[in-house]
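Note sheet for the following structure.
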Amino acid sequence: MRIVFLFVLMITAACMFPVYMQNRINRLYGTFYGLREKASLLNREILLKDYEINKLTSMSHLAKFAEQTGLGLYEVPVKVMITGESNE
């Protein structure tokens with residue numbers, strides 16, 4: 001009787017193992033695709049930030065910023081602070 005019970009148990013385990021493995025593989029694929037989607041969104045954010053940095057550091061943008069703030073990007077620099085002389 002024990003041998004028959006062990007035999008039935010082994011057959012049941014052998015039949016259940018492929019189903020367990022298929023469920024495990026499906027769960028792993030779900031995790032993989034979720035992580036891949038997150039990675040692609042993060043790469044998209046990185047590209048957008050790079051684009052914004054490139055746009056902000058372009059010479060035309062810097063020239064417009066200099067004109068707005070009165071820095072005069074293409075003008076001769078003006079000495080702001082005189083050093084080496086007393087103010088008396």
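The values are calculated or read from the model by the stated rules, or taken from the named source; none is laboratory data. Keep in mind that this is a model prediction, so the values were computed, not measured. Just the protein is used for accessible areas: all its heavy atoms, side chains included, with ligands, DNA and RNA removed. Shrake-Rupley method; radii C 1.70, N 1.55, O 1.52, S 1.80 Å.
Count of region 1-21 residues, restricted to those that are hydroxyl-bearing (Ser, Thr, Tyr) and open to solvent by less than 90 Å² (accessible area, probe 1.4 Å), is 1. Tell me whether region 26-46 contains one or more residues that are at pLDDT below 95 and open to solvent by less than 70 Å² (accessible area, probe 1.4 Å). No; the residues of region 26-46 include none that is at pLDDT below 95 and open to solvent by less than 70 Å² (accessible area, probe 1.4 Å).
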